[in-house]
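The structure appears right after this line, and notes come after that.
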Amino acid sequence: MRSMSDDHTHVQEFFTARAADWDARFPDDAPVYAAAVAELGLRAGGRVLDAGCGTGRALPPLREAVGPSGVVLGVDLTPAMLEAAVRAGRDRDGGLVLADVAALPLRTESLDAVFAAGLIAHLPDPAANLRELARVVRPEGTLALFHPVGRAALAARQGRRLTPEDLRAEGNLGPLLARSGWRMISYVDEDERFLARAVREA
C-alpha cells in the first residue's frame, strides 16, 4: 500500500518533469479558464484560493474577478510548477505558496471560494482532502472543480477508457462532495470542459 509521502513524491515527479513546457502544451486554455472562473460568482474584495495552481493559469482571471482589493492565493505541491508561474509573471496576480492541499496553511473559514483545475485526480485521499478545502471556506462559500476538457476527451487524450469508477462521474462526485462538507449545485461534462460547482455546507 502506498503511503501519502509516496503519493506526494509521485505527483511532484510527474509535474516536475512537465513544468517547463506545461503552458506550451496547452496554449489555448485561457478562455475556458476565464469562463470557469466567471461561474464562481466572485465579487470585488473576495478571497479565493487556486488549489493545485500549477503554473498559475487561473490566477489572472481570479485577480480580475476579485479586483485589487481582493486576495488571490495559489497553492501547489511542486516547486517547479510555482517557478514556472513566476517566469510567466503570474505571481503579480496572486501570492504563490508551496504547500499541500491536504494541510493548508490557512485559517478556518478564511476564504470565499476555491478553484481547483485538474486537482481531484491527483488527490491521495479525495474525501479528506475535499474536507480540508471545506475547512478553509466560509459557510455557503463555493468550490469549482474544473478541467479544460471533459472526461471523455481527457480519457481519449490519455489513451484510456472511461470506467464506472471514474471519480469525476456525476454519480460518484456528488456523494463524495456531500461526505466532504459540500453540496454540488451544478455539473457540466462536455468535450471542451468539465466544471462541477459546490457550496460549502453551513
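When the range 104-117 is examined, which residues are found to be open to solvent by 20 Å² or more (accessible area, probe 1.4 Å) and over 15 Å from the mean Cα position of the chain (by Cα)?
If the condition is that a residue be open to solvent by 20 Å² or more (accessible area, probe 1.4 Å) and over 15 Å from the mean Cα position of the chain (by Cα), then P105, L106, R107, T108, E109 are the ones that fit.
Which members of the range 92-103 meet the condition of being surrounded by fewer than 19 Cβ atoms within 10 Å (Cβ to Cβ), farther than 12 Å from V71 by Cα and not charged (D, E, K, R)?
V97, L98, A99, A102, A103 - these are the residues of the range 92-103 that are surrounded by fewer than 19 Cβ atoms within 10 Å (Cβ to Cβ), farther than 12 Å from V71 by Cα and not charged (D, E, K, R).
For T108, are the conditions met, namely being polar (S, T, N, Q) and either within 19 Å of R43 (Cα to Cα) or modelled with pLDDT under 95 (or both)?
So T108 fails the test.
Considering only residues that are out of contact with any strand residue (DSSP E or B) (no Cβ under 8 Å at 6 or more places or on another chain) and without any contact (Cβ under 8 Å) to a residue 12 or more places away in the chain, look in the range 75-91 and name the one that is surrounded by the fewest Cβ atoms within 10 Å (Cβ to Cβ).
Looking at the filtered set, the residue picked out is G89.
Do we find that E132 is over 18 Å from R43 (Cα atoms), touching a residue at least 12 places away in the same chain (Cβ under 8 Å) and not aliphatic (A, V, I, L, M) in this structure? Before you say what the answer is, go through the steps one by one.
On the way: over 18 Å from R43 (Cα atoms): yes; touching a residue at least 12 places away in the same chain (Cβ under 8 Å): yes; not aliphatic (A, V, I, L, M): yes.
Answer is yes for this residue.
The values are calculated or read from the model by the stated rules, or taken from the named source; none is laboratory data. No experiment lies behind these values; they were computed from the predicted model shown. Note that each Cβ is placed from the backbone with ideal geometry, even for glycine, and that neighbours are counted across all protein chains shown. What goes into the accessible areas is simple: the full protein's heavy atoms, side chains included, and nothing from ligands, DNA or RNA. Shrake-Rupley method; radii C 1.70, N 1.55, O 1.52, S 1.80 Å.
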